[in-house]
Amino acid sequence: MKTKKRDLIKYKDGNLYCELADIWIDPSKPVKRALITHAHFDHFTFGCEEYLSTKETAILIKKRIGDNVNIKVFDYGDEFKVNGINISFHPSGHILGSSQIRFIFAEEKWLITGDFKLQKDETCKKYEIVKTDYLISECTFGLPIFKWDETRKIAINISNWITNSPDKTSLLFCYSLGKAQRLLNEISKINFEGNIYSHDSIHKMNNCYRELGIYIKNTMKIENKKNIDELKGNLILLPPSLSKGSYLKNFKNIQTAFASGWMSIRALRNRSGYDKGFAISDHADWDGILEVVKKSEAKNVFFHHGDSEALSKYLSEKEAINVLIFEK
Ligand SMILES: [Zn+2]
Ligand SMILES: [Zn+2]
């Protein structure tokens, strides 16, 4: 492993930063100018003077936090210049509006993947292969043990889990933005005949997706006073934050499950406290990360957001790709 000198993009105060453009990428603290890869809250912080994102990301952010935020929007592929650096957003296949960000300066290309996946997902634009010299990739699931099943198979497993317990109310916990809509889209393509309810936070995002032209199966907003018998044999989507505590007392005779890539690890599944886990992720698995690295044709790669040791070893030994580490 080597450490490179003067890089176009570097790590500063725990965030990705382009000094020449004085622009931060998904900063965790208020700054003057921030590029936002997507509308998940771990990539967004309040208080920046100006945000730049795709149109869809801006709409989702405003839906979540209100209109009082200064966001400049761009279409995928549109190049704009900041201090002589060409910057553009490209689809990353993670959630609606999510993007990779490319920087070009003096014919040197840098690409930040943001959160990404290659798996099929009809609720957002497909990951675009972008060629680059330097690649900064997330590696949340960067171990060979992570290998995702087809989404359709997961949807069928979820459907069977519900129909096999007709006397129970099935509570499926999943992220309100992205995962819930992807599940609903996928469930609409199989033969599930029960009703689907969703928590207000999910319901809001469903409507936002629909307004942006994405097909999302019809769901009803769950009301706290719902007749318990009405819910038997049906599916309720809830955000993970409600999995512990008093909210569950609203229901009787329940079974619970969590939809997350982490559920592919048995030990985590057992410790999670849910009755069942469905391994579905909006991040790339091991093969997905390797495919993106190879197809990007990058000769130099940085990893962040995860454990990169196995990837670094594999890429430097098998592919002769330089894996670099950021100077802290
Ligand atoms: Zn994300
Ligand atoms: Zn993330």
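The values are calculated or read from the model by the stated rules, or taken from the named source; none is laboratory data. Just so you know, these numbers come straight off a predicted model, no measurement behind them. Neighbour counts run over all protein chains shown; Cβ positions are idealised from the backbone, glycine included.
Overview of results
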| item | result |
| --- | --- |
| Failed item, numbered, when Phe105 is tested on (1) free of Cβ contacts under 8 Å to residues at least 24 places away in the same chain; (2) more than 13 Å from ligand 1 (Cβ to nearest atom); (3) of a type outside the set (Asp, Glu) | (1) |
| From Leu212, Leu184, residue being modelled with pLDDT of 95 or more, among the hydrophobic types (A, V, I, L, M, F, W, C) and buried (at least 23 other Cβ atoms within 10 Å of the Cβ) | Leu184 |
| Segment 1-29, residues that are over 17 Å from Phe103 (Cβ atoms), in a loop (DSSP other than H, G, I, E, B), modelled with pLDDT under 95 and charged (D, E, K, R) | Lys5, Asp13 |
| Residue within segment 65-88 that is assigned to a strand (DSSP E or B), within 16 Å of ligand 2 (Cβ to nearest atom) and modelled with pLDDT of 95 or more present | no |
| Lone qualifier among Gly273, Gly261, Gly288 - being within 16 Å of ligand 2 (Cβ to nearest atom), touching a residue at least 12 places away in the same chain (Cβ under 8 Å) and not assigned by TED's automatic domain parsing to the domain that holds Ile61 | Gly261 |
| All positions within segment 189-242 that are more than 23 Å from the chain's Cα centre (by Cα) and of a type in the set (D, E, K, R) | Glu193, Lys221, Glu223, Lys225, Lys226, Asp229, Glu230, Lys232 |
| Leu171 vs. criteria surrounded by 14 or more Cβ atoms within 10 Å (Cβ to Cβ), modelled with pLDDT of 95 or more and among the aliphatic types (A, V, I, L, M) | yes |
| Leading residue by the ranking (farthest from ligand 2 (Cβ to nearest atom)) among those in segment 30-58 that are closer than 17 Å to Ile112 by Cβ and part of a helix (DSSP H, G or I) | Thr57 |
| Single match in Glu138, Glu128 (criterion: within 13 Å of ligand 1 (Cβ to nearest atom), out of contact with any Gly (no Cβ under 6 Å at 6 or more places or on another chain) and within 15 Å of Glu291 (Cα to Cα)) | Glu138 |
